[in-house]
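Novice: Structure provided below as structure tokens; questions to follow.
The values are calculated or read from the model by the stated rules, or taken from the named source; none is laboratory data. These figures come from a predicted structure and were not determined experimentally. Cβ: placed from backbone, ideal geometry, glycine included. Neighbour counts: every protein chain shown. To get the accessible areas, we keep the full protein, side chains included, count just its heavy atoms, and leave off ligands, DNA and RNA. Shrake-Rupley method; radii C 1.70, N 1.55, O 1.52, S 1.80 Å.
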Amino acid sequence: MKEKMKEIGLRITELRKLSDLEVQDMADHLEISRETYQEYEEGKKDIPASILYEIAHKLQVDMGLLLTGEETRMHIFSVTRKGKGVEVGRRKQYKYENLAEKFIHKKAEPFIVTAEPKNGNTKPDTNSHPGQEFDYVLEGVLRIYIHDNEIILKEGDSIFFDSSYEHAMEALENKPAKFLAVVM
């Protein structure tokens, strides 16, 4: 996994330089510290999927290029077989599987996300990103924190929300929860 982080970081660095952007420009755009951004480029720190999405948007490339190093070419359809999506596990509390990394000019990023149950009673770390998000629970029970709300979703339930608000998800009932997340 460390080697993959370094490869992604190198691709981001190269694309940033080709775009005539400085490290501080990217950090400011992402609303993170320069140091954190540099750790992403150096492959020293996992990049959250929401940040990776924003980096791709800023660099005007498809997220698939950042993840795989291959230019996306599919423009009619893209099939991802079960369990074969590109892993984007970029937050400790979630595992992401990208379902359309080869499709060019996507208007959304679809993921299968697995949230592991937590130990303790602390609220999970929140994140936010521009746009909207749709989550559909496939397995388990999921608690979603969004803005000042807590919503419990069970298998078959879904939520659509403004993802610029701080949000987080956690699996309940001491079992992992799996959900389809579409970030737009």
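Novice: Of the residues Val137, Val182, which is within 28 Å of Lys6 (Cα to Cα) and touching a Phe, Trp or Tyr at 6+ places or on another chain (Cβ under 8 Å)?
Specialist: None of the others qualify; the one that does is Val182.
Novice: Oh, and also: Could you look through the range 1-29, keep only residues that are under 16 Å from the mean Cα position of the chain (by Cα), hydrophobic (A, V, I, L, M, F, W, C) and surrounded by 19 or more Cβ atoms within 10 Å (Cβ to Cβ), and pick out the one that is modelled with the lowest pLDDT?
Specialist: Ile8
Novice: In this structure, does Tyr165 turn out to be within 25 Å of Lys45 (Cβ to Cβ) and of a type outside the set (Gly, Ala, Ser)?
Specialist: yes
Novice: Just need a number here: residues in the range 114-146 that are closer than 17 Å to Glu166 by Cβ and either open to solvent by less than 90 Å² (accessible area, probe 1.4 Å) or at pLDDT 90 or above (or both).
Specialist: Residues flagged as closer than 17 Å to Glu166 by Cβ and either open to solvent by less than 90 Å² (accessible area, probe 1.4 Å) or at pLDDT 90 or above (or both) within the range 114-146 amount to 16.
Novice: Could you grab me the full set of residues in the range 32-52 that are assigned to a helix (DSSP H, G or I) and surrounded by 20 or more Cβ atoms within 10 Å (Cβ to Cβ)?
Specialist: Tyr37, Tyr40, Glu41, Ala49, Ser50, Ile51, Leu52
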